[in-house]
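The values are calculated or read from the model by the stated rules, or taken from the named source; none is laboratory data. Computed from a predicted structure; not experimentally measured. Here the Cβ positions follow ideal geometry from the backbone for every residue, glycine too, while neighbour counts run over all protein chains shown.
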Amino acid sequence: MTRPTVAHIDLNALRHNFNQVKKYAPHSKVMPVIKADAYGHGALTIASALPQADGFAVAFIDEAVALRESGIKQPIVVLQGVYERSELELAASLGLQIVIHQAAQVELLESCNIAPLVVWMKLETGMHRAGISSDEFVPLLARLKALAQVAEIRFMTHFACADELESSVTSDQFHLFQEMTGNSSAVCSLANSAAIITKPETHRDWVRPGIMLYGASPLQGSTAQHEGLKPVMTLESSIIAIKQLRPGDTVGYGASWTAETEGRIAIVAIGYGDGYPRCLGGKAQVLLNGQRAPLVGRVSMDSLAINLSDQDQVQLGDRVILWGKGLPVEELAAGANTISYELLCNVTQRVPRYYHD
Ligand SMILES: *Cc1c(COP(=O)(O)O)cnc(C)c1O
């Protein structure tokens, strides 16, 4: 018997979400962000399932190289850029586009004799992470313009608070970006998922959707359904044991949960070794035969326990949904005091991905 724990990846839902991006931003090109193995969904399969995408974005050069070498032909933007000569040469030879976010990367370009490539200057507008500040911008731009190694210069920035509807930070960042780039006719990209949905004025030439493509809402306090998005990943396992408990019996490590009455629990074949957050022990619910059942006790590496008090028809092998269809990952993330991005990225390699078309 193979392990019953799988992540089902619904490629029709992915394409639906891509079409939603096009509805929100009809005049922009779309570069799906497929860093971190497409937020845990499998970068190559996600890229292959979106031939209509105008390009892709990844964080690091090795992610881009893997996609190119597997036959992905669209433009690929390396969001963190490159840091060494060998990386820059590789980027140029594979026709990758690189982000330049600091002076050292301009120096690297100046020192290498490579085929011309497209560079995206990432401007500091408020994130204070990676970006070129307004006082460095003009001299660095002039240096890039002077280089034969640069085929085209584009501008981008990244929003710190686009998921917070009440925040004024996004419009401040947008205005600073406009001030820095002035009346330049260069190609621009600003919007992540949250800005795609809530800030149409930021859409410009290219939008960069990540989380919304995977069917989770990028907005605090909202739901995917409300944004017209469908979950792509459904994390599923099955019941491998059913136990009768007497009052006073405890469950799992630390004996942290005690049965107060006669009842039954079920053991599900998934744990933190698969990426299910350990901190959800005793706090979350699963979906079992269409009904919710609460976790009891701690989450182990390979299993967790659920209370069957409300369900008496349960059998060994019954399927259990941890998140996805019918159980939003955002809800689990909120319970774990994090965001859906982290839960999706953290599904480990032990969990096979099954793709459905
Ligand atoms: C990760 C990332 C995105 C995608 O963000 P989402 O919130 O997932 O849409 C866009 N742009 C940059 C620079 C990123 O690093």
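On inspection, ASN113 qualifies as surrounded by fewer than 18 Cβ atoms within 10 Å (Cβ to Cβ) and more than 27 Å from LYS199 (Cβ to Cβ). Exactly one residue out of VAL320, VAL351, VAL329 is touching a residue at least 24 places away in the same chain (Cβ under 8 Å), surrounded by 18 or more Cβ atoms within 10 Å (Cβ to Cβ) and either in contact with a Phe, Trp or Tyr (Cβ under 9 Å, 6 or more places away or on another chain) or charged (D, E, K, R) (or both), and it is VAL329. Of all residues in the range 163-173, none are within 15 Å of the ligand (Cβ to nearest atom), modelled with pLDDT of 95 or more, buried (at least 22 other Cβ atoms within 10 Å of the Cβ) and not in a helix (DSSP H, G or I).
Identify, from the list GLN149, GLN74, GLN102, GLN178, the residue that is within 16 Å of the ligand (Cβ to nearest atom) and surrounded by fewer than 20 Cβ atoms within 10 Å (Cβ to Cβ). Step through it out loud before you land on a result.
Numbers: GLN149 fails: within 16 Å of the ligand (Cβ to nearest atom); GLN74 fails: within 16 Å of the ligand (Cβ to nearest atom); GLN178 fails: within 16 Å of the ligand (Cβ to nearest atom).
One residue alone meets the criteria, GLN102.
Can you tell me which residue is nearest to the ligand (Cβ to nearest atom) among those in the range 191-211 that are among the aliphatic types (A, V, I, L, M) and under 16 Å from GLU164 (Cβ atoms)?
Just the residues of the range 191-211 that are among the aliphatic types (A, V, I, L, M), to begin with: 191, 194-197, 207, 211.
The next check asks that each one be under 16 Å from GLU164 (Cβ atoms); those that pass are 191, 194-197, 211.
Values: ALA191: 8, ALA194: 6, ALA195: 8, ILE196: 7, ILE197: 10, ILE211: 4 Å.
Going through the qualifying residues, I end up with ILE211.
Return the only residue of GLN220, GLN244, GLN291, GLN285 being in contact (Cβ under 8 Å) with a residue 40 or more places away in the chain, more than 16 Å from the ligand (Cβ to nearest atom) and surrounded by fewer than 22 Cβ atoms within 10 Å (Cβ to Cβ).
Working: GLN220 fails: more than 16 Å from the ligand (Cβ to nearest atom); GLN244 fails: in contact (Cβ under 8 Å) with a residue 40 or more places away in the chain; GLN291 fails: in contact (Cβ under 8 Å) with a residue 40 or more places away in the chain.
Unique residue meeting the criteria: GLN285.
State yes or no: is SER309 small (Gly, Ala, Ser), part of a loop (DSSP other than H, G, I, E, B) and at pLDDT below 95? Spelling it out, SER309 is indeed small (Gly, Ala, Ser), part of a loop (DSSP other than H, G, I, E, B) and at pLDDT below 95.
Take the conditions (1) more than 18 Å from ARG154 (Cα to Cα); (2) in contact with a Cys (Cβ under 7 Å, 6 or more places away or on another chain); LEU88 misses just one of them, which is (1).
Residue by residue, here is whether (1) at pLDDT 95 or above; (2) within 23 Å of MET212 (Cβ to Cβ) holds:
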{"position": "ILE242", "(1), (2)": "yes, no"}
{"position": "VAL251", "(1), (2)": "no, no"}
{"position": "ALA284", "(1), (2)": "yes, no"}
{"position": "ASN289", "(1), (2)": "no, no"}
{"position": "LEU304", "(1), (2)": "yes, no"}
{"position": "LYS325", "(1), (2)": "yes, yes"}
{"position": "CYS345", "(1), (2)": "yes, yes"}
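Residues of the range 1-42 that are among the acidic types (Asp, Glu) and either more than 30 Å from ASP318 (Cα to Cα) or not in a helix (DSSP H, G or I) (or both): ASP10 alone.
Only one entry in GLY281, GLY221 is in contact with a Lys or Arg (Cβ under 6 Å, 6 or more places away or on another chain) and not β-branched (Val, Ile, Thr), namely GLY281.
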